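A.B. asks: Quick one: this structure, given as structure tokens, is what I'll be asking you about.
The values are calculated or read from the model by the stated rules, or taken from the named source; none is laboratory data. Keep in mind the model is a prediction, meaning the values are calculated, not measured. Here the Cβ positions follow ideal geometry from the backbone for every residue, glycine too, while neighbour counts run over all protein chains shown.
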Amino acid sequence: MASGFGFNGGVPRCFPYWQEFQKCYAQTDVPAKCRPPLDDYLECLHHTNEIARAKAIKSEFIRKAEHQATEGRKAAEIVADGAIVGVGLIKRSQEEAESK
């Protein structure tokens, strides 16, 4: 990763974040000051905040749909109001995939 060459020979997607972190780390006497560039780099690699945000949105949607279903609304009406569209960013677990 830190070589600057991606899998196909080009610049990898997270390399600019790595360069910012490396530049900060080389110029400071206190490495703790470089935490924001490090966090940006790690987010680019692993997408942890993005995944957590998507899970929170999905759980809130499910909670609201269950609440509305207990009030007597039909499932079709609930889905017609709005649905989370999957774009394939988060893989479903086996249990979720089997239940749908």
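A.B. asks: Residues to consider are 50, 20, 43; find the one that is assigned to a helix (DSSP H, G or I), at pLDDT 90 or above and in contact with a Leu (Cβ under 8 Å, 6 or more places away or on another chain). Before you say what the answer is, go through the steps one by one.
C.D. replies: Working: 20 fails: in contact with a Leu (Cβ under 8 Å, 6 or more places away or on another chain); 43 fails: in contact with a Leu (Cβ under 8 Å, 6 or more places away or on another chain).
Only one candidate passes the filter, namely 50.
A.B. asks: Take the stretch 23-40 and flag every residue that is in a helix (DSSP H, G or I) and surrounded by 11 or more Cβ atoms within 10 Å (Cβ to Cβ). Show your work before the answer.
C.D. replies: Looking only at the stretch 23-40, we keep the residues that are in a helix (DSSP H, G or I), and these are 23-27, 31-40.
Result: 23, 24, 25, 33, 34, 35, 36, 37, 38, 39, 40.
A.B. asks: Also, quick follow-up: Kindly list, by first and then second residue, each pair from a residue in the stretch 7-19 that is over 16 Å from residue 38 (Cα atoms) to a residue that is at pLDDT below 90 and surrounded by 13 or more Cβ atoms within 10 Å (Cβ to Cβ), limited to pairs with Cβ atoms under 9 Å and residues at least 6 apart or on different chains.
C.D. replies: Here the result reads 12/6, each pair linking the stretch 7-19 to a residue that is at pLDDT below 90 and surrounded by 13 or more Cβ atoms within 10 Å (Cβ to Cβ).
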